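Single-structure report; data block below.
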Amino acid sequence: MTDDAAAAPICLARPLPGPDDLRAGCAAARAVDGRPLHAAALKFFWGPMDCGKSTMALQMNHNHARQGRRGLVTTRIDRSLGPQVTTRIGLAHAAVEVTDTLDLRDLVRDAWAEGVRVDYLICDEASFYNLEHIDQMADLVDNYDVDVYAFGLATDFRSCLFPAAQRLFELADSVARIQVEVLCWCGREGLLNARVVDGRVAREGEQVVIGDTVDTAEVRYQVLCRRHYRAGDLGGR
Ligand SMILES: [Zn+2]
C-alpha cells in the first residue's frame, strides 16, 4: 500500500509498533505534541460481496497474533447471524457483536482493565457499523495507539456508499480495494452488489437486508459488473 511505503522511512525497523513499544519509549520520531509520528493506523479494506473480506480479516488477525500481538475481532450481522466472523471458505472465529450502544473504546478499555492486552482491532462488516463507531476507531488510533483494521462493503444494493464506509473513506489513514476479483456472469470484473428479490434486481428498499449469495436465499445478492448492474441483467443463472 502506497501510504505504508511513504511512511516507512520513519520507522523502518519497527513495522508493527504496538502499545507496549510505545509505552516503553519507542525511539520513533515524535510529533510536537509528543506522540509518535508513525504509530497506530486506521486502515479500511473494501470490496464487493464474495471477494474474501472476512477471509482476509481472519488472515490478518492470524498474522498479527503469530507475531505476538493481541487483538480483538468485532463484527456486525455476520452471515452466520452469530457473534463470530465466518467465511465462505469455511473459516470461523469468535467475535464481539457490535451493537448500537457498544463503544469500541470501552471494549478496549474494559479488556485492558482485565489485564488483557489489545494491540489492534479487526472490525469485520464495518459498513454496517454506526458513524459513531467509525469515529471511535479513529479515537482508538489517535489516543490509544491501537491499530484498527476495518473490512467491509463500500456500496449498498443501490450502488450508494454505506454511511459508515463513507466515514471510513473520510477518516482512514489508508484505504485499499481488496484485489481478489469477483467476476460477473459475463466474465467482467464484478463491482456492485445487486439485491435480487423474486428474480429481479431490486432498486428500492431498506439499506440493510440480510441475505446471502447462494441461489436458495429468499433475498439474495449477486455481484455484477457495472454494465449488467445498471441493466438489471442477471444472466442465465
Ligand atoms: Zn457483466
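Rank ASP215, ASP142, ASP50 by mean-square fluctuation in a GNM of the chain with C-alpha springs under 10 angstrom and give only the top-ranked residue. For the chain, modelled as a Gaussian network with Cα springs under 10 Å, the answer is ASP215.
Which net charge results when you count Lys and Arg as +1 and Asp and Glu as -1 among the other residues whose beta-carbon is under 11 Å from that of TYR120?
+1
If you run the Gaussian network model on the chain, springs between alpha carbon atoms under 10 Å, then out of ASN61, ASN143, ASN130 the most flexible one is ASN143. For the range 68-123, the solvent-accessible area with a 1.4 angstrom probe is 49 square angstrom per residue.
Nearest 20 debye, what's the magnitude of the dipole of the range 101-208 about its Cα centre given +1 on Lys and Arg Cβ and -1 on Asp and Glu Cβ?
My answer is approximately 640 debye.
Mean-square fluctuations from a GNM of the chain, with a 10 angstrom spring cutoff on Cα atoms, peak among GLU218, GLU204, GLU170 at GLU204. Placing unit charges on each Cβ (+1 for Lys and Arg, -1 for Asp and Glu) gives the chain a dipole about its Cα centre, and among PHE162, ALA111, ASN193 the Cα reaching farthest toward its positive end belongs to ASN193.
Leaving ligands, DNA and RNA out of it, rank MET56, MET137, MET49 by accessible area with a 1.4 Å probe, largest first. Let's see the in-between values first.
On the way: MET56 60, MET137 0, MET49 25 Å².
Ranking MET56, MET137, MET49 by accessible area, largest first, yields MET56, MET49, MET137.
The accessible surface of the chain, taken with every protein chain in place and a 1.4 Å probe, is 50 percent carbon and sulfur. Calculated mean residue ellipticity at 222 nm for the chain: -7500 deg cm²/dmol, from DSSP H runs with n ≥ 4 weighted as -39500 (n - 2.57), summed, divided by the residue count and rounded to 500.
Place a point 7 Å from the Cα of LEU131 along the Cα-to-Cβ direction; which residues of the range 159-177 have their backbone N under 15 Å from it? Within reach of a label on LEU131: 161-171.
The values are calculated or read from the model by the stated rules, or taken from the named source; none is laboratory data. Remember, it's a predicted structure, so these values are computed and weren't measured experimentally. No Cβ is skipped: glycine too gets one built from the backbone with ideal geometry, and neighbour counts run over all protein chains shown. Accessible surface is based on the protein model in full, side chains and every heavy atom, while ligands, DNA and RNA are left aside. Shrake-Rupley method; radii C 1.70, N 1.55, O 1.52, S 1.80 Å.
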